[in-house]
């Protein structure tokens, strides 16, 4: 039985979301988990995590670029970044939910509108 092929945009979204989870941990988790370690240790651990980000992000961008323009791909990335970052900040880093997250999301929604209102 042939495997179910997902549309390129869905493949891109799924890969970028997974990539962003790794990216967010690489960029920020050391603030919580490695605060007592020298910065070089945090940097090396972050680079190790970032490798997995790139193993997902590079194919995601290659797949996405087959159907999206470069600006559309970038705005999609920013939407996903915010969608991953807010839960990370709240649940992992124990940051309070702020109304500013809503305003930021609305600004990005505006960017989505303008970048996707015409075709690739």
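Using the Cα coordinates of the stretch 1-110, the gyration tensor eigenvalues translate into equivalent-ellipsoid semi-axes of 27, 20, 12 Å, sorted from longest to shortest.
Each of 53, 78 was scored by other Cβ atoms within 10 Å of its Cβ. Arranged with the fewest first, they read 78, 53.
With the simple model of a label 7 Å out from the Cα in the direction of the Cβ, residue 6 to residue 103 spans 3.5 nm. Between helix 8-24 and the chain there is an angle of about 10 degrees, using the helix long axis and the longest principal axis of the Cα atoms. With respect to the chain, whose longest principal axis is taken over its alpha-carbon atoms, helix 99-116 is tilted by about 30°.
Which of 113, 92 has the fewest other C-beta atoms within 10 Å, and how do the rest follow up to the most? Intermediate results must be reported in sequence, preceding the final value.
On the way: 113 10, 92 14.
Ascending Cβ contact count within 10 Å gives the list 113, 92.
Among 51, 14, the ranking by other beta carbons within 10 Å of each residue's beta carbon, starting with the fewest, stands as 51, 14. Rg then Dmax, both in Å and based on the Cα atoms of the stretch 5-64: 13.8, 46.
FYI, it's all coordinate maths here, none of it is from the lab. Everything numeric in this text was worked out from a predicted model, so none of it was measured. Neighbour counts are summed over all protein chains in view; Cβ atoms, including those assigned to glycine, are modelled from backbone coordinates with ideal geometry.
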